[in-house]
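Down below is the structure, laid out as structure tokens.
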Amino acid sequence: MKSKELALSIILNAFLGYLWIVFIDHIVSVANSMENTFIVGGLLILIGTALFWEIVNRVTPFNEYKITHPVKLAGVISFGLVVFVNFFVLNLI
């Protein structure tokens, strides 16, 4: 494991986490503009997240690693940390 791979995984997945936040925010605003269609909004979020997950798995150069590889774990943790901070810390401020 090289430190360059670790840093690249953290930065790339943190950026992808931010892109997912922007995507979900946009989809929620579109779903809120519809009238009484919570099911359609939830379905849009679910389908969009599934498509985003497929794109993330194809884009990252670390897709050949197993989930227990330290580089992949660091990437998943950075993705989750960005999402957690945005949803639970920045929204409370």
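Numbers at a glance
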{"quantity": "Residue count, the range 1-24 (criterion: open to solvent by less than 90 Å² (accessible area, probe 1.4 Å) and under 19 Å from ASN86 (Cβ atoms))", "calculated": "12"}
{"quantity": "Residue tally, condition in contact with a Leu (Cβ under 7 Å, 6 or more places away or on another chain) and not hydroxyl-bearing (Ser, Thr, Tyr), over the range 31-69", "calculated": "2"}
{"quantity": "Number of the condition not met by PHE84 [criteria: (1) modelled with pLDDT under 90; (2) under 11 Å from the mean Cα position of the chain (by Cα)]", "calculated": "(1)"}
{"quantity": "Lone unmet requirement of (1) in a helix (DSSP H, G or I); (2) open to solvent by less than 100 Å² (accessible area, probe 1.4 Å) for LEU46", "calculated": "(2)"}
{"quantity": "Some residue of the range 56-67 being part of a helix (DSSP H, G or I) and among the acidic types (Asp, Glu)", "calculated": "no"}
{"quantity": "Number of the condition not met by ALA74 [criteria: (1) open to solvent by less than 40 Å² (accessible area, probe 1.4 Å); (2) closer than 14 Å to ILE21 by Cα; (3) in contact with a Leu (Cβ under 8 Å, 6 or more places away or on another chain)]", "calculated": "(2)"}
{"quantity": "Hey, ILE27 open to solvent by less than 50 Å² (accessible area, probe 1.4 Å) and over 12 Å from the mean Cα position of the chain (by Cα) or not", "calculated": "yes"}
{"quantity": "Check on GLU5, in contact (Cβ under 8 Å) with a residue 60 or more places away in the chain and acidic (Asp, Glu)", "calculated": "yes"}
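The values are calculated or read from the model by the stated rules, or taken from the named source; none is laboratory data. Since this is a predicted model, take the numbers as computed values, not measurements. Please note: Cβ atoms are built from the backbone with ideal geometry, for glycine as well, and neighbour counts cover all protein chains shown. We work out accessible area using only protein heavy atoms, side chains counted, and drop any ligands, DNA or RNA first. Shrake-Rupley method; radii C 1.70, N 1.55, O 1.52, S 1.80 Å.
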